[in-house]
Amino acid sequence: MSATLLGFYDSFKKKSLKDNAVIPVLFINTVICSLIFLPLIVLSATGTLPSSCPFHVGGGGWEMHRYVILKSVIVLSSWLAGYIGMKHLPLTIVGPINATRPVMVLIGALLVYGERLNAWQWAGVAVAAASFFLLSRSGKKEGINFAHDKWIGCIVLAAILGAVSGLYDKYLMASPSDGGVGLDRMAVQSWYNIYQSAMMLLMLAIIWFPRRKADRFHWSWSIIGISIFLSAADFLYFYALSLPSAMISIISMVRRSSVLVSFLFGAIFFHERNLKGKAIDLSLVLLSMVLLFIGSK
């Protein structure tokens, strides 16, 4: 469910960024997300929402908030790079690149947590690398040079930071007995949106406002769709990640199947080109996810 909603989120994001300023779109998105969760924080603090309620937001002092602030910085950095890249690239190129995040998460688990890859997982990494190479060839047909295109660089940076965020999420959600912090999932989701809003307000005032005439913003109702689909997708993602038996490698793989939804949006609604070649590249990305899943069982 989270993957499906995430696909709609990517598609609404692409629609909102068409001929539009990135920073105001991202700022409004973070504000709307904050407004969704702010009532839950208040109702939880006053005791109106019982702790047994799945929407209850747990409390915590600086010990909790310092971890959430760091998550906000990581996610916001990933979003900024991703929004900028998506504005200038076809959705059918962006989606498959983002779908390689599970490979990055797996490599991160190898480096950070000392996990070892088996034959199936190495095969998945190899297929994902091959798909990225073929995707670069498809991009050249549209005048996109993967090695020198700055917008591709933004998407790759966003994917790397997204993988870092995924590894960090597991650390935040895991119990202390499992080597994590054991933070309340709703507290993380609620507060990191609020912190991001504050950070984006500063960026709006310092970076965008002085050059607002050159980098014009126009309102689009699809911006609201970004916030709604993202909030719902993240709620389900954090819920899955908070379960005792959750494995970040598998959750990350399933979540990135959102590329199927965004790819269809790119083909049907944005009328993007060279779909046959990109579909072959996408099938390799999905095959790599299957191999990683088999290797993780």
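The label-point distance for residue 1 and residue 43, in a model that sets each label 7 Å from Cα toward Cβ, rounds to 1.7 nm. All Cα-Cα distances of segment 164-297, cut into 10 Å bins from zero to the largest, leave 9, 27, 30, 26, 8, 0 percent in each bin in turn. Pairs exceeding 29 Å between alpha-carbon atoms, taken from 71/141; 18/278; 18/141; 170/276: 71/141; 170/276. Spin-label model, residue 246/residue 150: points 7 Å from Cα along the beta carbon direction are separated by 3.7 nm. Computed about its Cα centre, the charge dipole of the chain is approximately 840 debye, with only Lys, Arg, Asp and Glu carrying charge at their Cβ.
Taken over the alpha carbons of segment 17-63 as equal point scatterers, the Debye sum produces base-10 log I(q)/I(0) values at 0.14, 0.16, 0.20, 0.26 Å⁻¹ of -0.50, -0.58, -0.71, -0.90.
For residue 49, the residues whose amide H sits under 5 Å from its own are 44, ignoring neighbours fewer than 5 places away on the same chain, with H placed 1.01 Å from N.
Expressed as a whole percent, the proportion of Cα-Cα pairs in the chain lying more than 33 Å apart is 23%. For residue 270 and residue 198, the difference between the fully extended length at 0.36 nm per residue and the C-alpha to C-alpha distance is 22.6 nm. Excluding same-chain neighbours fewer than eight residues apart, the aspartates and glutamates reachable from residue 213 by a Cα-Cα span under 20 Å are 19.
In whole Å and largest first, what semi-axes does the C-alpha gyration tensor of segment 72-118 yield when each eigenvalue is scaled by 5 and square-rooted?
Values: eigenvalues 134, 46, 4 Å².
They are 26, 15, 5 Å, listed from largest to smallest.
All C-alpha pair distances within segment 1-158, sorted into 10 Å bins from zero, spread as 9, 27, 31, 23, 9, 1 percent across the bins. Fully extending the segment from residue 279 to residue 112 would add 56.8 nm, taking 0.36 nm per residue of separation and subtracting the current Cα-Cα distance.
Across all directions, the average projected area of the convex hull around the alpha carbons of segment 19-103 is 7.8 nm².
Probing with 1.4 Å while keeping every protein chain in the model, the per residue accessible area of the chain equals 46 Å².
The values are calculated or read from the model by the stated rules, or taken from the named source; none is laboratory data. If you're wondering where the values come from, they're calculated on a predicted model, not measured in any experiment. We place every Cβ from the backbone using ideal geometry, glycine too, and count neighbours over all the protein chains shown. SASA here: full protein model, heavy atoms, side chains in, ligands and nucleic acids out. Shrake-Rupley method; radii C 1.70, N 1.55, O 1.52, S 1.80 Å.
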